[in-house]
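Report on the following structure.
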2 protein chains.
Amino acid sequence: MNLTHIEHIGIAVKSIDEAKSYYEDVLGLECYAIEEVEDQKVKTAFFMVGQTKIELLEATSDESPVAKFIEKKGQGVHHIAFAVDDVNKSLKEAENKGIKLIDKEKRKGAEGLNIGFLHPKFTLGVLTEFCEKQ
Amino acid sequence: MNLTHIEHIGIAVKSIDEAKSYYEDVLGLECYAIEEVEDQKVKTAFFMVGQTKIELLEATSDESPVAKFIEKKGQGVHHIAFAVDDVNKSLKEAENKGIKLIDKEKRKGAEGLNIGFLHPKFTLGVLTEFCEKQ
């Protein structure tokens, strides 16, 4: 497996408006995109810092995985995404090493990336995503 | 404030031995250092991915903040550290914008870096650290 860098850190927030003001006004980062990902029932806001994006996640429905995460754990880091050359190959490699997958095959994520998730019960509590550019 | 990149992501784990095998054997990262930070009562293990380190944190005492974190939230991402040019200046800037600080002044952290923490109640649930090279 070849993880080149941390593509993004997903952070669950109650309100993107409130969080955006912290990331912009206090940390001095620039929000360069806001996007809704309908099948995940989230609104996302993106900030770049070095090689890595901060991806804020606000639930757009009580059924959203992000709403459930906040209910259980509070606001905070929701997942870490590693950049890889080939998501399907990396998923298969992880599975061959005994890791349960959430996604058996890559699918479309925010910003047009191909993505796939590993199951957090097999990754020591860190929900882990692989991302590749199309 | 000038955050140049994500210096590291701190991840609370029950056992560095167990976690190390996941990060090395599954994700293919190399553990390049193991260090004990006595005043935080933790053992740490470091892996590099792009510009960013993964810093695994194992409590060396039940009184460690990491032991308390795992008791409350389970294993997972404990904090995010941003690289800055000047920790004291960045702490002061954050304080002037209404953020409560854990550290009023920089102090020594792992790997000889100067570090300072913001209070997570003011940073939307993400324990946030600033780091500078000496």
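The values are calculated or read from the model by the stated rules, or taken from the named source; none is laboratory data. Fair warning: this is a prediction, and the values are worked out from it, not measured in the lab. Note that we place each Cβ from the backbone using ideal geometry, even for glycine, and neighbour counts take in every protein chain shown. Note: areas computed on protein heavy atoms with side chains; ligands, DNA, RNA excluded. Shrake-Rupley method; radii C 1.70, N 1.55, O 1.52, S 1.80 Å.
Suppose the filter is more than 9 Å from every other protein chain (Cβ to nearest Cβ) and either modelled with pLDDT under 95 or under 29 Å from B:Thr4 (Cβ atoms) (or both); does A:Glu95 pass it?
On the way: more than 9 Å from every other protein chain (Cβ to nearest Cβ): yes; either modelled with pLDDT under 95 or under 29 Å from B:Thr4 (Cβ atoms) (or both): no.
No: the conditions fail for A:Glu95.
Rundown of residues vs (1) among the hydroxyl-bearing types (Ser, Thr, Tyr); (2) over 14 Å from the mean Cα position of the chain (by Cα), yes/no style:
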site	(1), (2)
A:Lys14	no, yes
A:Glu18	no, yes
A:Val26	no, yes
A:Thr52	yes, no
A:Lys72	no, yes
A:Arg107	no, no
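Restricting to the stretch B:1-60, name every residue that is facing chain A (nearest Cβ under 7 Å) and without any contact (Cβ under 8 Å) to a residue 24 or more places away in the chain.
B:Tyr22, B:Asp25, B:Val26, B:Leu27, B:Gly28, B:Val49, B:Gly50
Output yes when any residue across the stretch B:102-112 is touching a helix residue (DSSP H, G or I) at 6+ places or on another chain (Cβ under 7 Å) and either among the hydrophobic types (A, V, I, L, M, F, W, C) or in a helix (DSSP H, G or I) (or both), and no when none is.
no
Has the stretch B:76-87 got any residue that is modelled with pLDDT of 95 or more, open to solvent by 60 Å² or more (accessible area, probe 1.4 Å) and in contact with a helix residue (DSSP H, G or I) (Cβ under 7 Å, 6 or more places away or on another chain)?
No, the stretch B:76-87 contains no residue that is modelled with pLDDT of 95 or more, open to solvent by 60 Å² or more (accessible area, probe 1.4 Å) and in contact with a helix residue (DSSP H, G or I) (Cβ under 7 Å, 6 or more places away or on another chain).
Would you please list the contacts, defined by Cβ atoms under 8 Å and residues six or more apart or on different chains, that run from a residue in the stretch A:87-116 that is of a type in the set (Ser, Thr, Tyr) to a residue that is open to solvent by 20 Å² or more (accessible area, probe 1.4 Å)?
Every condition considered, the pairs that remain are A:Ser90/A:Met1.
Taking the criterion of being open to solvent by less than 10 Å² (accessible area, probe 1.4 Å), out of contact with any Ser or Thr (no Cβ under 7 Å at 6 or more places or on another chain), assigned to a strand (DSSP E or B) and within 25 Å of B:Lys53 (Cα to Cα), would at least one residue in the stretch A:4-11 satisfy it?
Yes; the residues of the stretch A:4-11 include at least one that is open to solvent by less than 10 Å² (accessible area, probe 1.4 Å), out of contact with any Ser or Thr (no Cβ under 7 Å at 6 or more places or on another chain), assigned to a strand (DSSP E or B) and within 25 Å of B:Lys53 (Cα to Cα).
Hey, any hits in the stretch B:94-101 for a residue that's crowded, with 17+ Cβ neighbours inside 10 Å and assigned to a helix (DSSP H, G or I)?
Restricting attention to the stretch B:94-101, the residues satisfying the condition of being crowded, with 17+ Cβ neighbours inside 10 Å are B:94, B:99.
Then drop every residue that is not assigned to a helix (DSSP H, G or I), which leaves B:94.
Within the stretch B:94-101, one or more residues are crowded, with 17+ Cβ neighbours inside 10 Å and assigned to a helix (DSSP H, G or I).
If you go through the stretch B:25-44 one residue at a time, how many are part of a strand (DSSP E or B) and in contact with a Phe, Trp or Tyr (Cβ under 8 Å, 6 or more places away or on another chain)? Step through it out loud before you land on a result.
Just the residues of the stretch B:25-44 that are part of a strand (DSSP E or B), to begin with: B:31-37, B:42-44.
Keeping just the survivors that are in contact with a Phe, Trp or Tyr (Cβ under 8 Å, 6 or more places away or on another chain) gives B:31-35.
Residues in the stretch B:25-44 being part of a strand (DSSP E or B) and in contact with a Phe, Trp or Tyr (Cβ under 8 Å, 6 or more places away or on another chain): 5 in total.
Pick from B:Glu55, B:Glu18, B:Glu71: which is among the charged types (D, E, K, R), within 29 Å of A:Glu71 (Cβ to Cβ) and surrounded by 17 or more Cβ atoms within 10 Å (Cβ to Cβ)?
B:Glu55
Starting from residues that are away from every other protein chain (no Cβ under 12 Å) and free of Cβ contacts under 8 Å to residues at least 60 places away in the same chain, keep the ones in the stretch B:120-134 and report whichever is nearest to A:Asp25 (Cα to Cα).
My answer is B:Glu132.
It is to be established whether one or more residues within the stretch A:98-120 are modelled with pLDDT of 95 or more and under 25 Å from B:Thr123 (Cα atoms).
Looking for residues that are modelled with pLDDT of 95 or more and under 25 Å from B:Thr123 (Cα atoms), one finds none in the stretch A:98-120, hence no.
Condition first: touching a His at 6+ places or on another chain (Cβ under 7 Å), among the acidic types (Asp, Glu) and modelled with pLDDT of 95 or more. Can you find one or more residues in the stretch A:38-58 that meet it?
yes
Just a yes or no: is a residue in the stretch A:45-52 among the aliphatic types (A, V, I, L, M), buried (at least 22 other Cβ atoms within 10 Å of the Cβ) and closer than 13 Å to A:Ala110 by Cβ?
Yes: one or more hits.
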